1. Mind checking whether some residue in region 10-24 is surrounded by fewer than 16 Cβ atoms within 10 Å (Cβ to Cβ), in contact (Cβ under 8 Å) with a residue 40 or more places away in the chain and within 21 Å of Phe108 (Cα to Cα)?
2. From the residues in region 25-52 that are over 14 Å from Ala105 (Cα atoms) and charged (D, E, K, R), which one is modelled with the highest pLDDT?
3. Going by what's in this entry, would Val61 be described as surrounded by fewer than 17 Cβ atoms within 10 Å (Cβ to Cβ), β-branched (Val, Ile, Thr) and more than 16 Å from the ligand (Cβ to nearest atom)?
4. Looking only at region 34-54, count every residue that is in a helix (DSSP H, G or I) and either under 12 Å from the mean Cα position of the chain (by Cα) or at positive phi (or both) and tell me the total.
5. Which number in (1) closer than 17 Å to Val8 by Cα; (2) touching a residue at least 40 places away in the same chain (Cβ under 8 Å) marks the one condition that Asp78 misses?
6. Residues in region 22-42 that are away from the ligand (no atom under 11 Å from the Cβ), touching a Ser or Thr at 6+ places or on another chain (Cβ under 8 Å) and not charged (D, E, K, R): how many?
7. Scan region 71-93 for residues that are assigned to a loop (DSSP other than H, G, I, E, B) and small (Gly, Ala, Ser) and report the count.
8. Testing Ala87 on (1) in contact with a helix residue (DSSP H, G or I) (Cβ under 7 Å, 6 or more places away or on another chain); (2) within 16 Å of the ligand (Cβ to nearest atom), one condition comes back false. Which one is that?
Amino acid sequence: MPACQAVVVSCMDFRLRERLASVLALRHGISGFDLICLAGGGKNLAEAGPVRDVVLDNVEVSLRLHRPGQIVVVNHQDCGAYGGSAAFASWEAEREFHRGELELAATFVRNAFPGVEVRQLFVTLEETDSTGAQQ
Ligand SMILES: [Zn+2]
């Protein structure tokens, strides 16, 4: 049984499932991870509210039971919780917005769990986007 390397906070979007596992494994060397999936992913940590409390409770359980070395906060392209890609004027605007959201989420998690490494991850739905940029 492989060790739990990370607890991942992600969106429940079905399009993300295989892509997220692939990105985590191939680019970050993470194959064993606890997965917390609620619509919006990092949005639930960036914003105060009852959902954030649920996510934090689950992160705490993961850290206590499986002792992963890091927390990975995930947002993704075309996330319906943010209105999808259509809510943004451009791909660059969408990506920049999510960068800010992930920073808010990661900062909150770092303060909630000091001493645990926190990583931000923005996942595109395809290997490369229209600009050729990769995540
Ligand atoms: Zn989503």
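The values are calculated or read from the model by the stated rules, or taken from the named source; none is laboratory data. Only a predicted model underlies this, so the values are computations on that prediction, with no experimental measurement involved. FYI the Cβ positions are ideal-geometry reconstructions off the backbone, even for glycines, and counts take in every protein chain you see.
1. Scanning region 10-24, I find no residue that is surrounded by fewer than 16 Cβ atoms within 10 Å (Cβ to Cβ), in contact (Cβ under 8 Å) with a residue 40 or more places away in the chain and within 21 Å of Phe108 (Cα to Cα), so the answer is no.
2. Only one residue fits best here, namely Asp34.
3. Considered against the rule, which asks whether it is surrounded by fewer than 17 Cβ atoms within 10 Å (Cβ to Cβ), β-branched (Val, Ile, Thr) and more than 16 Å from the ligand (Cβ to nearest atom), Val61 comes out as yes.
4. So the count comes out to 4.
5. (1)
6. Looking only at that region, the number is 4.
7. Qualifying residue count for the region: 4.
8. (1)
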